[in-house]
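S.K.: Have a look at the structure that comes next, please.
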Amino acid sequence: MEFACDEHIEVAMDVVVDEYEAAPIIEKLNEADQLSTVCSYCKKPAVYSITK
């Protein structure tokens, strides 16, 4: 699972597609999760979770 801010959503989608060779599932995090989850690429608050 990858977490991404608005800036890194495309990078995270590419990583999931390359790793699993499947379309990614993108879910927007609720406000409570956004406060405790950081982007996998820049450590800003995450907005999305991306899974296979």
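Any read-out appearing in this document is the output of simple, stated calculations on the displayed coordinates, not a laboratory observation. Owing to the predicted nature of the structure, the values given are computational and were not obtained by experimental measurement. When we count neighbours, we look across all protein chains shown, and the Cβ atoms used for this are built from the backbone with ideal geometry, even at glycine.
S.K.: Using modelled amide H (1.01 Å from N, peptide plane; none on Pro or chain starts), what sits under 5 Å from the amide H of T37, excluding residues fewer than 5 places away?
M.R.: For T37, whose amide H was placed from the backbone, the distant partners under 5 Å are A46.
S.K.: For the residue pair I25 and D6, what label-to-label distance in nm results when each label sits 7 Å from Cα along the Cα-to-beta-carbon direction?
M.R.: 2.6
S.K.: Moving on to the next point. Pick out which of A12, A23, A32 has the largest mean-square fluctuation in a Gaussian network model of the chain, springs linking Cα atoms closer than 10 Å.
M.R.: With Cα springs under 10 Å in the chain, the top fluctuation among A12, A23, A32 is at A32.
S.K.: Between 0 and 90 degrees, rounded to the nearest ten: what's the tilt of helix 9-20 against the longest Cα principal axis of the chain?
M.R.: Value to nearest ten degrees: 40.
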